[in-house]
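Every number in this text was worked out from the coordinates using simple rules, so none of it is lab data. Nothing here was measured: the structure is a model prediction, and the numbers come from that model. Reconstructed Cβ throughout: ideal geometry from the backbone, glycine too, with neighbour counts over all protein chains shown.
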């Protein structure tokens with residue numbers, strides 16, 4: 001992965017984490033927190049999309065997939081915290 005690919009990866013993670021924070025909690029988690037949530041969300045989203053037989057293409061598809069995964073991740077974390 002070259003520098004440009006890494007920067008795009010981090011940008012997608014930050015956007016997805018911020019969007020998930022807006023959807024679930026009503027606020028973001030700071031730049032580093034958003035990137036971490038977005039990157040983990042991208043992994044979760046990729047797994048969920050593959051289970052459903054869906055594919056994400058391009059930058060927008062990657063952001064949507066990572067956001068869906070991050071929302072699921074934050075939802076599960078919220079359930080665990082309540083228990």
**Leading residue by the ranking (surrounded by the fewest Cβ atoms within 10 Å (Cβ to Cβ)) among those in the stretch 8-44 that are touching a residue at least 40 places away in the same chain (Cβ under 8 Å), closer than 14 Å to residue 75 by Cβ and out of contact with any helix residue (DSSP H, G or I) (no Cβ under 6 Å at 6 or more places or on another chain)** = 25
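Would you be able to tell me the number of residues in the stretch 45-63 that are surrounded by fewer than 23 Cβ atoms within 10 Å (Cβ to Cβ) and under 8 Å from the mean Cα position of the chain (by Cα)? Steps first, answer last, please.
So in the stretch 45-63, the residues surrounded by fewer than 23 Cβ atoms within 10 Å (Cβ to Cβ) come out as 46-63.
From the residues that got through so far, the ones that are under 8 Å from the mean Cα position of the chain (by Cα) too are 63.
Looking only at that region, the number is 1.
Which residues, taken from the stretch 1-55, are in a helix (DSSP H, G or I) and on the phi > 0 side of the Ramachandran plot?
Start the filter on the stretch 1-55 by keeping residues that are in a helix (DSSP H, G or I), which leaves 3-24, 30-52.
Of everything in the stretch 1-55, just one residue is in a helix (DSSP H, G or I) and on the phi > 0 side of the Ramachandran plot, namely 30.
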